[in-house]
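The values are calculated or read from the model by the stated rules, or taken from the named source; none is laboratory data. Keep in mind it's a predicted model, so treat the numbers as computed, not measured. Virtual Cβ from ideal backbone geometry, glycine too; neighbours counted across all protein chains shown. Just so you know, the surface numbers come from the protein's heavy atoms only, side chains and all, with ligands and any DNA or RNA stripped out. Shrake-Rupley method; radii C 1.70, N 1.55, O 1.52, S 1.80 Å.
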Amino acid sequence: MEAWGFEYKTNVIWNKLKHNPGYYFSMRHELLLIGGKGSSRPDRAKLYPSVIAEERTEHSVKPGKIREMIDELYTWGERIELFAREETEGWEAWGNDV
């Protein structure tokens, strides 16, 4: 994150609600890191839970709910999703599948 010029701000746990086989544990969650440039304080004072329970869909596609929450908290400015699997209106998307 630092190499791209972003500063780590917080994280969200995505509880995928389905079994994901792993080597040591059955992985049902993914840690989504949120970073920014400058103060990156939200425009709106709304708190969301740090654990989001959403069904997983295709491999590595993050839930749209996370982007919706960020859009609601930050009413202006640029947004980017790194390691994106799909394009989303209003967001820059970087990833091999985009």
message = When you scan segment 37-47, do you find a residue that is open to solvent by less than 40 Å² (accessible area, probe 1.4 Å) and not hydrophobic (A, V, I, L, M, F, W, C), even just one?
response = yes
task = Identify the residue in segment 29-65 that is in contact with an Asp or Glu (Cβ under 9 Å, 6 or more places away or on another chain) and small (Gly, Ala, Ser) and, among all such residues, is nearest to residue 1 (Cα to Cα).
result = 35
task = State which residue pairs qualify: first residue within 21 Å of residue 9 (Cβ to Cβ) and inside segment 70-98, second residue hydroxyl-bearing (Ser, Thr, Tyr) in any location, beta carbons under 9 Å apart, and separation of 6 or more residues or different chains.
result = 72/48; 73/48; 74/40; 77/40; 79/88; 81/88; 83/60; 95/60
Counted residues, segment 48-62 - those being modelled with pLDDT under 90, of a type outside the set (S, T, N, Q) and surrounded by 10 or more Cβ atoms within 10 Å (Cβ to Cβ) = 3
remark   = Quick count over segment 1-58, residues being farther than 24 Å from residue 72 by Cα and in a loop (DSSP other than H, G, I, E, B), is 13
request  = Could you tell me whether segment 88-96 includes any residue that is open to solvent by less than 40 Å² (accessible area, probe 1.4 Å) and touching a Leu at 6+ places or on another chain (Cβ under 8 Å)?
outcome  = yes
inquiry  = I'd like the full set of residues that are under 12 Å from the mean Cα position of the chain (by Cα) and either open to solvent by 70 Å² or more (accessible area, probe 1.4 Å) or of a type in the set (Ser, Thr, Tyr) (or both), limited to segment 10-36.
reply    = 10, 31, 33
